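Below is one structure, written out as structure tokens; the observations come after it.
The values are calculated or read from the model by the stated rules, or taken from the named source; none is laboratory data. Bear in mind that the values here come from a model prediction, so they are computed numbers and not experimental data. As a convention, Cβ positions derive from the backbone with ideal geometry for all residues, glycine included, and neighbour counts pool all protein chains shown.
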Amino acid sequence: MLPAAASFKKQGANKGALASFLVSTPESGVDSIAITYALLDPIMTVARPLAAFVTGISAGLLENTLNWEAAPDDDGPASLNVTGGGKNSVEEKIPFTARFLHGLRYGFKEIWADIALWFFVGLFLAGIITVYMPESLSQMILGGGIVALLAMLLMGMPIYICATASTPIAAAFLLKGASPGAVLVFLLVGPATNMTSLSVLIRILGKMGTVRYLSVIAVVSILFGLGLDGVYNYFDIEAHAVISEMRETLPYWLKLGSAIVLILLFCQHLLDQYRLRRMKRRKNQFIADFPMVDSQIKSKQGNRQVPVFVEPHRKSKGQKKEKG
């Protein structure tokens, strides 16, 4: 995400657009929304991308209002030739079966390859929280109110965690008695802020821009956390009960089979990564019949030494006859 933002800055994007991109991108992805729906509840699934959208718009508007940088004038609009001739310019209709198979491959291979590692890291940390964190301590600190939201804000800001890994951890906090608002604050703050990326944020947004960026995230996440707690209290919904009911509704064979499928997909991802690394190592090898490089023979050009390509030595017909 940060490399993409740096690339956008080089291409002329202003700081407001970059701030909006950095806030909204982790929370509005298809993977994060799907995992939120699977591990939490429908209300949290809607509240998470909505809060990210409002936070991104607020951060972008504030940054552009206080620190507007006009884009440099170009000589004129760049013309892009998109016309083509002949039958190649017309896109052929792709069959439904091919599109369906491409969608399955994209969902089970490409998206899973992006989130697999962090998903299992999040599950591991969620397991530690579920086993070792006392429920009374969680309810006392994160049970609700402004103190719980501020505690989760201080907990989520420094750590380095992505949107995928933060969701299982949020579900563990929720099962331990944390309020939905505190969980939402953690989901918003964790992926958008961390101490490791602070120096990169300063280079992209500047010092004051980074301060405004973090301030908007903190304020908007606290407001949405209070609002979400109000929604759950008004409709008398217990998020803990919702997760427990969803977990008990599924039959055991489906839960076990789904776990096995996830493990097999993760093993396939590890195998693909191993193959890619082997291919990268082979790139440095010489191709057959390529002229060999004699490292001992070098020609001097000024102060530089340049390797000389030497053709393999071949015996002439006269040399062969003399040898015979």
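Taking the numbered list (1) modelled with pLDDT of 70 or more; (2) farther than 19 Å from Ala218 by Cα in turn, Gly76 passes all entries but (1). Taken over the range 158-192, the criterion of being assigned to a loop (DSSP other than H, G, I, E, B) and either closer than 14 Å to Leu125 by Cβ or in contact with a Lys or Arg (Cβ under 8 Å, 6 or more places away or on another chain) (or both) is satisfied by Ile159, Tyr160, Ile161, Cys162, Lys176. Close Cβ contacts (under 8 Å, 6 or more residues apart or on different chains) running from residues in the range 128-149 that are under 22 Å from Gly225 (Cα atoms) and at pLDDT below 75 to residues that are of a type in the set (Phe, Trp, Tyr) and buried (at least 17 other Cβ atoms within 10 Å of the Cβ) comprise Ile129/Phe173; Ser138/Phe173; Leu142/Phe173. Is it the case that the range 40-53 has a residue that's of a type in the set (D, E, K, R), within 17 Å of Gly227 (Cβ to Cβ) and in contact (Cβ under 8 Å) with a residue 12 or more places away in the chain? Within the range 40-53, one or more residues are of a type in the set (D, E, K, R), within 17 Å of Gly227 (Cβ to Cβ) and in contact (Cβ under 8 Å) with a residue 12 or more places away in the chain.
Which of the residues that make up the range 165-212 are within 16 Å of the chain's Cα centre (by Cα) and at pLDDT 85 or above? Ser166, Thr167, Pro168, Leu187, Leu188, Val189 - these are the residues of the range 165-212 that are within 16 Å of the chain's Cα centre (by Cα) and at pLDDT 85 or above.
Scan the range 1-22 for residues that are more than 26 Å from Lys109 (Cα to Cα) and out of contact with any Asp or Glu (no Cβ under 6 Å at 6 or more places or on another chain) and the total you get is 11. Taken as a whole, the structure leaves Ile111 outside the set of residues that are of a type in the set (Val, Ile, Thr), without any contact (Cβ under 8 Å) to a residue 60 or more places away in the chain and either surrounded by 16 or more Cβ atoms within 10 Å (Cβ to Cβ) or part of a helix (DSSP H, G or I) (or both).
Of the residues making up the range 5-40, those that are under 20 Å from Val189 (Cα atoms), among the hydrophobic types (A, V, I, L, M, F, W, C) and not in a loop (DSSP other than H, G, I, E, B) are Ala5, Ala17, Leu18, Ala19, Phe21, Leu22, Val23, Val30, Ile33, Ala34, Ile35, Leu39.
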